[in-house]
Amino acid sequence: MEIITLLWNWVLVNPMANALVLLNNAFFGSYGLAIIIFTVVMRGVTFPLTLRQLRSSRAMSAMSGRLQEIQKKYKDPKRRQEETMKIYREAGVNPLGCLLPMVAQLPIWFALYSVLRLTVGDVPESTISLSQHLYPWSFIQHAVPLSNKFVGLNLGQPNVVLAILTGATMFVQQKMTTPPALDEKSASMNSTMLWMMPLMFTYFAISFPSGLALYWVISSVVGIVLQYVYVGSGGLTWRNLFSLQPAPAPKSAASQVKPATEKIEPDEDEEDEETEAGEAVADERRYRKRSRRGKRRRKR
Amino acid sequence: MKHVASGDCRRSKIQTSRAAKALGLGLFFLSLVLLLTACRGITSPKGWASPVITDSTLLAAPNHQSLADVDLQANSRNWTFPPSKSNISLTALYGTPAVSQGLVLLGGYNGTLYALNLSDGSEKWSQVTAGHIVGGPVISDGTVYVGSADRCLYAFAVDSGDQRFNPFCTGEKIWSTPAVSNGVVYFSSMDKKVYAIDATTGEARWSQAFKADGAVASTPVVDSGTVYVGGLDNYMYALDASNGQMRWRYKADDWIWSRALVSGGSVYFGSLSGKVYGVDATSGQLRWDKPFSAKGVVRGGPAVVGSTLIVATDQGNVYGLDASTGSQVWSSKASSGVLSDLVVNGGMVYYSTKSGDVQKVDPANGTITSVQVPQ
């Protein structure tokens, strides 16, 4: 465990802690500003992973119509699973594809969380801990203590307004990213997760220094913007914003409810994972064309 | 994209299902390990108040959240503050309590300074500051001085709690215990400065406060007209007590938070990386061949008994060193980490551990004995 902790500190926590202190020095000794810049920079650094995750989730979303149709059509769970897997294969989408980039980002977020707890802590023990993480460079070491004041906030103390903002931004982000449910069971789970996660983080934000809440708010806002730019609103509108149910599937996805029994011949050169989303959409277009052709033939 | 035949498809499905379960389980454990590792950085105020021994009683802070008065001869607890039915929460106790005129002065992390009757622990008066109190109070000529994280130093009459002069405010929180000598109060602030103010009027005594390179959290010590104070810039400073001019400074390898100990012409102190130094009080030169390397953080001030220098670390290592050479004489293990100052009483060295135990160590051989604090 000691080796893991050493590695953890050496690779992630120490560089992050020192970078934050450096940003604090660069931005007029404002630690709040340093947290904001650092959060945005970190989201930028992990952007390729986030983009991959967003693309995967967009591809999954594009297929949601067909998946729902399979759920309705096949009662036998084995057959249902076979058909579902077939659709995934046809679209070249790995159902776990959107999880892997998220997992890869986890250590970074945990380390950042640990660093923020160390640096905004208003407690003597946290200052002692911080000393064990700072590089022995005078311009870093002399920056301590970091100023806790930021636009009327004490970043070392919990703040109710920031705690509420944490929950609210997380709720919006959850609402945009929660995929449409395929059955009642997953719908119920999605609905619970939608309010439980923001509620939990609101509680954390009330209990922890508000510097952490500031990080969570900025991180969620950046997440919302990225989600909106690359995937869209996910069916979120002003009308359903305050509903505790996940946002309905966007029309583009909902209109793609098609039987999945017809065989689709995908191209050989569609295996590039980077274009999963594009493939899924192109696949759907081809599928619709063929379906229309089939209908015309049957009419004739 | 290649299609999989029906049998292969089922196998693939089973494999995918297993892979998903394995990945899910792996994710869970990875998250747990990461969370636990990340949470090692979580800190809440725990306290490190040192014990105080008066005649036949011991003032100790069990769990650093309350103060207990223990009759050492009868091995019984006289009183506890706050009492069990009280709604007062001290949060944590860092500063060593001060005793004078039958009163115990106690600064809580909740920002309140309490004056308790030593006989029964009842509250005589209390004064609230706008910040946490981390440094301890110090009493001189009927006045108690205490610094607060609200950046100000306060002075109150010991008997009544009346304010002696307007709080003297600095640019950052004050985490150190003040030192009083010859009518002057010396204290350090996290604004990187060391101040000297008149003990009666509260007016600045130096033309300008001494400015260090980094924040100053350690308690100043005044000896023979010199103020010794360590900083979070790795330096131990020796200042002229009359005007604040620097006489010398010695660079350690890490932050200095421990209170300096001046004895036999040497200044002893430890750093947060665990190095212990013995420096000449006049010249600021290291008296030993090399600093002593202890295992763990040295936060608490050391103690000297005879020719033995005793230091303790946050990992619970207690060392006895030859004060003249810095070589190790013995080492012992405390029940848990030590961040409190070491206190000498009756030839024994007392300290409190992180878990709130009070222990004493024999400076002759390093034998550690726990001092029971009865419930």
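May I ask you to compute the full-extension gain from residue B:243 to residue B:327, defined as 0.36 nm times their residue separation minus their alpha-carbon distance, rounded to one decimal in nm?
Additional length available on full extension: 26.6 nm.
Across peptide B:228-236, the mean count of Cβ atoms from other chains lying within 10 Å of each residue's own Cβ comes to 2. Packing here is the average count of other Cβ atoms within 10 Å per residue, and on that basis the peptides A:36-46, B:144-154, B:237-247, B:72-82, highest first, run B:144-154, B:237-247, A:36-46, B:72-82.
The value given for segment B:84-211 is a Kirkwood hydrodynamic radius of 14.5 Å, derived from the mean inverse Cα-Cα separation. Annotation: amide H of residue B:184 within the under-5 Å range of B:199, sequence separation 5 or more or interchain, hydrogens built in the peptide plane. Per-residue shielding of A:126-134, expressed as the average number of other chain Cβ atoms within 10 Å of the residue Cβ, stands at 6. Taking θ as phi - 60° and the Karplus parameters 6.51, -1.76 and 1.60, the scalar couplings of segment B:124-131 work out to 8, 7, 8, 10, 9, 9, 8, x Hz in sequence order, x denoting glycine and proline. For segment B:149-229, the percent of C-alpha pairs falling in each 10 Å distance bin, counted from 0 to the bin holding the largest distance, reads 19, 54, 24, 2.
Model label points for residue A:203 and residue A:151, set 7 angstrom from Cα along the Cα-to-Cβ axis, are 2.8 nm apart.
Take each residue in A:82-93, count the other chain C-beta atoms within 10 Å of its C-beta, and the mean is 2.
What is the Cα convex hull volume of segment B:228-375 when expressed per residue in Å³?
Per residue, the Cα convex hull of segment B:228-375 comes to 111 Å³.
Annotation: amide H-H contacts under 5 Å for residue A:150 (H modelled 1.01 Å from N, sequence separation of 5 or more, or interchain): A:155. Using the Cβ-Cβ distance between residue B:76 and residue B:162 with R0 set to 30 Å, the FRET efficiency works out to roughly 0.30.
Backbone phi angles across segment B:210-220, fed through the Karplus curve with coefficients 6.51, -1.76 and 1.60 (θ = phi - 60°), yield HN-Hα couplings of 6, 10, 8, 7, x, 4, 10, 10, 7, 7, x Hz in residue order; Gly and Pro are listed as x. In this simple spin-label model, placing a label point 7 Å from the Cα along the Cα-to-Cβ direction at both residue A:79 and residue B:86 gives a separation of 7.5 nm.
The Kirkwood radius of segment A:1-149, taken over pairs of alpha-carbon atoms, gives through the Stokes-Einstein law at 4 °C and 1.567 mPa s a diffusion coefficient of 70 µm² s⁻¹. Cα convex hull, segment B:50-134: 86 Å³ per residue, rounded to a whole number. Given R0 = 60 Å, the distance between the Cβ atoms of residue A:237 and residue B:124 translates into a calculated FRET efficiency of 0.40. With viscosity set to 1.002 mPa s and temperature to 20 °C, compute the Stokes-Einstein D of chain B, Rh being the Kirkwood radius across alpha carbon pairs; µm²/s, no decimals. Taking Rh from Cα pairs, D becomes 96 µm²/s.
Between residue B:44 and residue A:47, the FRET efficiency estimated from the beta carbon spacing at R0 = 45 angstrom works out to 0.85.
Roughly what % of Cα-Cα distances in segment B:168-303 sit above 17 Å, to the whole percent? That tail contains 53 percent of the Cα-Cα pairs. Around the amide H of residue B:206, modelled in the peptide plane, lie the amide H atoms of B:196, all under 5 Å away and 5 or more residues distant in sequence or on another chain.
Rule-based calculations on the coordinates, nothing more; no lab input. Predicted, not measured: the structure shown is a model, and the values here were computed from it. A quick note on method: Cβ atoms are made from the backbone with ideal geometry, for glycine too, and the neighbour counts reach across all protein chains shown.
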